[in-house]
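Visitor: Following this message is one structure expressed as structure tokens.
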Amino acid sequence: MELIKRWCVAVALLCAAGFVGGAAVRANVTLPRIFGNDMVLQREMTVPVWGWADPGEKVAVRVDDKEAASAVADEKGQWMVKLPAMPAGGPHKLTIVGKNTIELANVLAGEVWICSGQSNMEMGVAACKDAQKEIADANYPQIRLFLVDKKTSGYPLNDVGGNWRLCNPANIAAGGWGGFSAAAYYFGREIHKGLNVPVGLIDTSWGGTRIEPWTPPEGFAQMPALQGIVTAIEKANAEYPKTCAQTLDQLEAAIPPARKALADGKPMPPLPTVPRHPLDHEQQPTGLYNAMVRGFVPFASRGAIWYQGESNLGEGMLYFEKMKALISGWRKVWGQPDMALYFVQLAPFRYGGDPYRLPGIWEAQTAVLTLPNTGMAVTTDISTINDIHPPNKQDVGKRLALAALAKTYGKKEIVYSGPMYKSMKADGSTIRLSFDHVGGGLASRDGKDLTWFEIAAADKAFVKAQAKIEGETVVVSSEKVAQPIAVRFGWNELAEPNFMNKEGLPASPFRTEGARP
């Protein structure tokens, strides 16, 4: 850190001398970009508001012209207040007063959700199913959108790029690949309709990225299986200042001749540039958390939705450890141990190679459900085998919202999941399977025999099986297996089974002999 301070001093000297562009030091109170006009603040929860000012400066925050909280900036110029919980509603005016005054208008209180992941979360409404109709219908003034600018960093940044926008046809189609995240928008729309409250959606996503870049160091540190990543992060942060040292010396040495050149009216000699931090990349651990998440922590929110995993294909249950790191890490940095996280189980797709790599990720994702305040949207029935980006994001958003409405918002009457394997019982030449989340009953989507069930004896040579619904169970058998001991369902990257409950929610793939968390 001392080298970084020296670097900042050197750059400041150059700025002061007029050698590089830069604004004068500002004494005004400032806010991170997550606070702005048209934003949504989390209802019924203490709301942190923070920013920067002169050290020792008093900053007061008013809600509708009534002072709600105040604080004094510390020696680094940082301040934070916590607004008391507000009911859903608005619009409100938020006023921040220090040596200057900032007024934020059209602020609502409602439900705030973070929406993150790789390309299937990033994929915008304009790139998805029924795009023209959905864009034309996207007039929801009580839904607000914040699209985080893409950026990477080796060190945590204190702000993100982006701004709040009203949900309307122009804004839902603006920015990035097809506009605002379709999965996020359809999720938020269902929450808005289901609760009749304002909804704020923060879309921070980047196609093709692994889970590690989105995870804070605090998350990796809690997972013994991921200590190699912890070591790599520590090593990168320790080595980076050393790699900068020579360049820093060159920069400091360049100040006197640069000043002389300017005084003599001569061209300024070229200045050295800052070496790139090893973690300053969209695929390196913490690289996206640092730049696209940390800058709005701890903005109050109800929870997060997550659509990612394709780039971690082949990791099997190791991906479960990484999901635990992400969830526990976000909960820790937000200071919300019960923060909800609902995620999408990857859709079938023709990846090629080993057809069981994708089921390995499915198994890891299913294991995440052992963590509290989690839920999973299964998508085996809305896939596009030859396209890794299924265009039906309406059902993705709806299924995520069903989980949130049932589990976070207490709507117990909602069936939010398809059948989930619970247990098996072998009986001679058959195996009887029991399930959770039966809902109104088990069913076949197309009315035909259940598909993608396999059965095996002790040799684990799986063969296609007949599967018959009997009440709330499924009985599986095959003439080729006299004494079965194991069943697999949907255990192939191309599997698009027809097994569901009567609410139309598909069963999640499983294997009875599978890994357990």
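The values are calculated or read from the model by the stated rules, or taken from the named source; none is laboratory data. Since this is a predicted model, take the numbers as computed values, not measurements. Virtual Cβ from ideal backbone geometry, glycine too; neighbours counted across all protein chains shown.
Visitor: Please verify whether G98 is buried (at least 18 other Cβ atoms within 10 Å of the Cβ), farther than 30 Å from K235 by Cβ and not assigned by TED's automatic domain parsing to the domain that holds R294, treating the condition exactly as stated.
Guide: In short, yes.
Visitor: Report those strands (runs of 3 or more DSSP E) wholly inside the range 460-503 carrying at least 1 residues which are in contact (Cβ under 8 Å) with a residue 60 or more places away in the chain.
Guide: 486-489, 499-501
Visitor: Only one of E134, E122 is in the same structural domain as P169 (by TED's automatic domain parsing), closer than 30 Å to P213 by Cα and among the charged types (D, E, K, R). Can you tell me which?
Guide: On inspection, the qualifying residue turns out to be E122.
Visitor: Right, next: Has the range 105-125 got any residue that is polar (S, T, N, Q), touching a residue at least 40 places away in the same chain (Cβ under 8 Å) and part of a helix (DSSP H, G or I)?
Guide: yes
Visitor: Okay, moving on. Return the only residue of D137, D159, D149, D130 being at positive phi, charged (D, E, K, R) and surrounded by fewer than 19 Cβ atoms within 10 Å (Cβ to Cβ).
Guide: Checking each option against the conditions leaves just D130.
Visitor: Tell me, which residue of the range 413-448 that is in a strand (DSSP E or B) and among the aromatic types (F, W, Y) is nearest to the chain's Cα centre (by Cα)?
Guide: If we take residues in the range 413-448 being in a strand (DSSP E or B) and among the aromatic types (F, W, Y), then Y421 is nearest to the chain's Cα centre (by Cα).
Visitor: Now for a different question. Go through (1) farther than 27 Å from P213 by Cβ; (2) among the β-branched types (V, I, T); (3) part of a loop (DSSP other than H, G, I, E, B) one by one and return the number of the condition I143 breaks.
Guide: Here I143 clears every test but (3).
Visitor: Inside the range 387-401, can you point out the residues that are part of a loop (DSSP other than H, G, I, E, B) and surrounded by 15 or more Cβ atoms within 10 Å (Cβ to Cβ)?
Guide: I388, H389, P390, P391, N392, K393, listed by residue number.
Visitor: Here's something else I'd like to know. Suppose we filter V49, V25, V9 for residues that are at pLDDT 50 or above and either buried (at least 17 other Cβ atoms within 10 Å of the Cβ) or part of a loop (DSSP other than H, G, I, E, B) (or both); which single one remains?
Guide: Residue meeting the stated conditions: V49.
Visitor: Here's another thing I want to ask about it. Hey, any hits in the range 424-432 for a residue that's modelled with pLDDT of 95 or more and in contact with an Asp or Glu (Cβ under 7 Å, 6 or more places away or on another chain)?
Guide: No, because not a single residue in the range 424-432 is modelled with pLDDT of 95 or more and in contact with an Asp or Glu (Cβ under 7 Å, 6 or more places away or on another chain).
Conditions tested, residue by residue: (1) in the same structural domain as G117 (by TED's automatic domain parsing); (2) assigned to a strand (DSSP E or B).
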residue: G176; (1), (2): yes, no
residue: A183; (1), (2): yes, no
residue: I191; (1), (2): yes, no
residue: G194; (1), (2): yes, no
residue: D203; (1), (2): yes, yes
residue: G208; (1), (2): yes, no
residue: E218; (1), (2): yes, no
residue: T231; (1), (2): no, no
residue: E239; (1), (2): no, no
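Visitor: Can you tell me which of L248, L279 is in a helix (DSSP H, G or I), in contact (Cβ under 8 Å) with a residue 24 or more places away in the chain and of a type outside the set (D, E, K, R)?
Guide: Of L248, L279, the one residue that is in a helix (DSSP H, G or I), in contact (Cβ under 8 Å) with a residue 24 or more places away in the chain and of a type outside the set (D, E, K, R) is L248.
Every residue, every condition in (1) assigned by TED's automatic domain parsing to the domain that holds S153; (2) without any contact (Cβ under 8 Å) to a residue 40 or more places away in the chain; (3) closer than 30 Å to R210 by Cβ, yes or no:
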{"residue": "E252", "(1), (2), (3)": "no, no, no"}
{"residue": "R259", "(1), (2), (3)": "no, no, no"}
{"residue": "K266", "(1), (2), (3)": "no, yes, no"}
{"residue": "L271", "(1), (2), (3)": "no, no, no"}
{"residue": "P285", "(1), (2), (3)": "yes, no, yes"}
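Visitor: A further question follows. Say whether the condition of being closer than 20 Å to M223 by Cα and assigned to a helix (DSSP H, G or I) is met by at least one residue in the range 333-341.
Guide: Scanning the range 333-341, I find at least one residue that is closer than 20 Å to M223 by Cα and assigned to a helix (DSSP H, G or I), so the answer is yes.
Visitor: Now for a different question. For residues that are among the charged types (D, E, K, R) and surrounded by fewer than 22 Cβ atoms within 10 Å (Cβ to Cβ), scanning just the range 35-46, find the one that is nearest to Q142 (Cα to Cα).
Guide: For the range 35-46, the residue satisfying everything is D38.
Visitor: Looking only at the range 396-416, which residues are within 24 Å of S444 (Cα to Cα), out of contact with any helix residue (DSSP H, G or I) (no Cβ under 8 Å at 6 or more places or on another chain) and in contact (Cβ under 8 Å) with a residue 40 or more places away in the chain?
Guide: R399, A403, listed by residue number.
Visitor: Another question, if that's okay. Test K151 against the stated conditions and say whether it is assigned to a loop (DSSP other than H, G, I, E, B), in contact (Cβ under 8 Å) with a residue 12 or more places away in the chain and assigned by TED's automatic domain parsing to the domain that holds I388.
Guide: yes
Visitor: Further question on the same structure: Among the residues of the range 304-322, are any on the phi > 0 side of the Ramachandran plot and surrounded by 23 or more Cβ atoms within 10 Å (Cβ to Cβ)?
Guide: Looking for residues that are on the phi > 0 side of the Ramachandran plot and surrounded by 23 or more Cβ atoms within 10 Å (Cβ to Cβ), one finds at least one in the range 304-322, hence yes.
Visitor: Follow-up question, since we're still on this one. Residue check: is K82 assigned to a strand (DSSP E or B) and charged (D, E, K, R)?
Guide: Here the answer is yes, as K82 does meet what is asked.
Visitor: Considering each residue of the range 313-341, count those that are within 29 Å of W50 (Cα to Cα), aromatic (F, W, Y) and in contact (Cβ under 8 Å) with a residue 40 or more places away in the chain, and give that number.
Guide: The number of residues fulfilling the criteria is 1.
Visitor: Just to be sure I understand, how many residues within the range 409-422 are buried (at least 19 other Cβ atoms within 10 Å of the Cβ) and more than 17 Å from A347 (Cβ to Cβ)?
Guide: Total meeting the criteria: 3.
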